[in-house]
1. Regarding region 442-454, can at least one residue be identified that is without any contact (Cβ under 8 Å) to a residue 60 or more places away in the chain and at positive phi?
2. Looking at region 89-121, which of its residues are at pLDDT 95 or above, of a type in the set (Gly, Ala, Ser) and assigned to a loop (DSSP other than H, G, I, E, B)?
3. May I ask you to verify whether Arg338 is at pLDDT below 90 and on the phi < 0 side of the Ramachandran plot?
4. What number goes with the only condition from (1) within 21 Å of Arg250 (Cβ to Cβ); (2) modelled with pLDDT of 95 or more that Asn207 does not pass?
5. Regarding Tyr517, is this residue surrounded by 15 or more Cβ atoms within 10 Å (Cβ to Cβ), over 18 Å from His559 (Cα atoms), modelled with pLDDT of 95 or more and aromatic (Phe, Trp, Tyr)?
6. Looking at Ala444, Ala452, Ala459, Ala417 in this structure, which one is farther than 17 Å from Ala554 by Cβ, touching a Cys at 6+ places or on another chain (Cβ under 8 Å) and assigned by TED's automatic domain parsing to the domain that holds Leu622?
7. Hey, could you check region 122-154 for residues that are of a type in the set (S, T, N, Q) and in a strand (DSSP E or B) and say which is farthest from Lys205 (Cα to Cα)?
8. I'm trying to understand the selection: among the residues of region 253-300, which are part of a loop (DSSP other than H, G, I, E, B) and closer than 24 Å to Ala184 by Cα?
Amino acid sequence: MVDRREFLVSGAVLASSAVLAGEGTSRNDWFRRQPRVFLLDFQMPDPIDQGVPGMPHFFQKLDPAAIVEQVAASGTNVLLVHAKCNQGNCYYNTKVGHKHSDLGDRDLMAETSAACRKRGLTILYYVQLSRDRRSFQHPERRAIDSQGRPVVKASDNPLLPAREEAPVVCMNGPHRQFIKDILAELSRGYDFDGFWLDCFNWWGKVNPCLCAFCKAAYKRDTGAEIPTKHLYTTPEGKRYIAWRRHLNTRILEDVIGTVRAINPKLTVTHNAAGENPWSEWEFCDGDDYVSHEYHFSEGYAQLSLLCQRNRSLKARVPFEIEIWRFANRHGGQRHSMRAYEVRGPEVLLAEMASVSANGGFPQYYDEVRPDGTLEPRSLRMLAPAFREVAARQPWCGVGEPVPYAAVLWSKATQALAPPPVQKLYDGSTTGAFTALMENHLPTAVLTERDLAARRWRGARVIVVDSAECLSPECCQALDVYARSGGGLVVTGRSSLRDGEGRLLDNFGLSTLIGADYRGMTATWYSFIAPEQAHPVTEGLDPGFPISVYASLQARVTAHSGTRALGVITNPMPGFHMGFPPLERTDSPSVLIREHGKGRAVYISAALGAVYAAANHPDYRRLMVNAVRWAAGEAPPVTLDAPGTVEMAAWRDESTRRTIVHLVNRTGVGLPQGEGSYQQEVIPVHGIRLHLDGPLAGSSAKAQPGGRALPCKRVGHRLTVNIDRLETWEVVEAV
């Protein structure tokens, strides 16, 4: 196995050969042209080997031309169809895979491509990567877990009508060549626009994989055996995790490079982007755009955070978010994954609106019926949502997002910290972003790569919430940022580990935040007690304690020149009801200081994680106050509206207009947890939008349609009144 330098050189050679193969042709740019994607899922067992009584013959009546007409009529302009599914079946004339026996002499890829070309639709091919039942039948291709067992993930509910299995194959062994042969076969032989690769993550998150190929590769690269225990707490384990993350990137680059070398016009992306802790920053670099799926039970703020993360992986490139037809992830551990019902257009539109408002494009996920037709109800529910998306897409992703705040995304913490720290950090990122979003502060996501490149994306303040693993380079970058006038809000044990996850004696950001680490609180429940009047504590009662749920606080000693606005208070032992406060400590809970031209706030608790878990407004208020004070100035766009109204503001300097998307997620049964289902959108009245400085303009109108909105200009501020917000309003100020 080649090392990093050798791989980069070989990648450059491969890229050069790809250009030669395509005679200088440029890549298809369909993903930049307001796409609305329809993913038609097959994943169909083959009756000849499945052995299930009553298994129907799925494809004998399937009519690609009729399907293309139906999805086009629903407002779709990109159709994504299966070329190879997770059952290991192919739906075209293949020489290397297994063609589904129901197809006979038919070639679904050729038929569907021809129908799409005739109708003017973009056509993409789906290929499943590492969840493959048929390939798993070859013992040498199987992923092997730390117990030496083949990896098969399955639901254990005996009452389900079918056992949902996920046999996992290793992408580091011969199965990878099989996938490359499939991609090569399609790239050479068919007329289509790009690949959508799915489920690398089934193998990518198997850590460790102890198949013969992984063991040999690790031995060759490191001279050591793959560790099976303590992966996050020992040098040997961390070395394996780093190796494995890099291996995932190399394999995906190799797979994508196969397509590039044969047909450079084809676009390539893979589902699951770089969200995962088992991927490094480079994992999505070979993609033309990034793609990820969203499940409604994850909550509307999580959708917006997902959008911002995807945008941070590939700035200035539209991203794709998969919106499910199904009510997915119901039922806890013994679940069926999805119900057959179709979610209504009001909730489909709300989710698609959030994606589009943040600069992405929606994919609608559906499945073919057993008789080879589409579900009419699904198309009826989709059409109104896609119609509204299409009408507003000319105002989506125009210009650049209006900058103000940013939340740091630390992959080092996400991947190399001990599992409890990883979980805490995940909650911290979600909670911090949610708090700022609910207060309508323009908020982006910055990565560790952004810090290394000194790329702040216009952010006036960066939130570093429980990012325990920060490299010296990241700490130095944040120091430069603050000294130059940027604001920092730092919480908990941020920077108490280096970029490799090694525990330090003191914060890497100690000088910046003006505090030294002195350990953790003794109990799993304590308080932040604000005591000093200051903009950071505005709206919080002096001396009234703010509970810190289910996590410890960091005890610190403040440096000279750093001001404490509150202290940690411990609870009364033995008193169960309400855990009243008892002991005021001398350990600061909120610190502020000037750092060069900038400002820094330190909060001793993992504030975002506590807000994500408990959702009390005091946590949100403290976070928002800290951000606004550290920024040193008010945001250029503000909104008077409930927290369930999302605001996404963009500035197009070429036409000197400001475009603000307002997405209403105020609904009955708001999807904030397992089993909740949004039934309808509740209109919001009396919204006021404030645009300041060069963003203001003198007039505003609602798009599409150009309806004039009531406005008032006072000094450098334009206030726009929106009398009634249904689901999605686009305000254009000029």
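The values are calculated or read from the model by the stated rules, or taken from the named source; none is laboratory data. Quick caveat: nothing in here was measured; it's all calculated off a predicted structure. Cβ sites come from the backbone with ideal geometry, for glycine too, and all protein chains shown count toward neighbours.
1. Here is the first cut: in region 442-454, the ones without any contact (Cβ under 8 Å) to a residue 60 or more places away in the chain are 451-454.
Next, only the ones that are at positive phi stay: 454.
Yes, region 442-454 contains a residue that is without any contact (Cβ under 8 Å) to a residue 60 or more places away in the chain and at positive phi.
2. The answer is Gly97, Gly120.
3. Details: at pLDDT below 90: yes; on the phi < 0 side of the Ramachandran plot: yes.
Here the answer is yes, as Arg338 does meet what is asked.
4. It fails just one condition, (2).
5. Numbers: surrounded by 15 or more Cβ atoms within 10 Å (Cβ to Cβ): yes; over 18 Å from His559 (Cα atoms): no; modelled with pLDDT of 95 or more: yes; aromatic (Phe, Trp, Tyr): yes.
Here the answer is no, as Tyr517 does not meet what is asked.
6. Numbers: Ala444 fails: touching a Cys at 6+ places or on another chain (Cβ under 8 Å); Ala459 fails: touching a Cys at 6+ places or on another chain (Cβ under 8 Å); Ala417 fails: farther than 17 Å from Ala554 by Cβ.
Result of the check over Ala444, Ala452, Ala459, Ala417: Ala452.
7. First pass over region 122-154, keeping only residues of a type in the set (S, T, N, Q): 122, 128, 130, 135, 137, 146-147.
Narrowing further to those that are in a strand (DSSP E or B): 122, 128.
Working: Thr122: 32, Gln128: 16 Å.
Per the criteria, the residue is Thr122.
8. Initial filter on region 253-300 (part of a loop (DSSP other than H, G, I, E, B)): 263-266, 272-280, 285-290, 295, 299.
Hits for region 253-300 are Asn263, Pro264, Lys265, Leu266, Ala272, Ala273, Asp285, Gly286, Asp287, Asp288, Tyr289, Val290.
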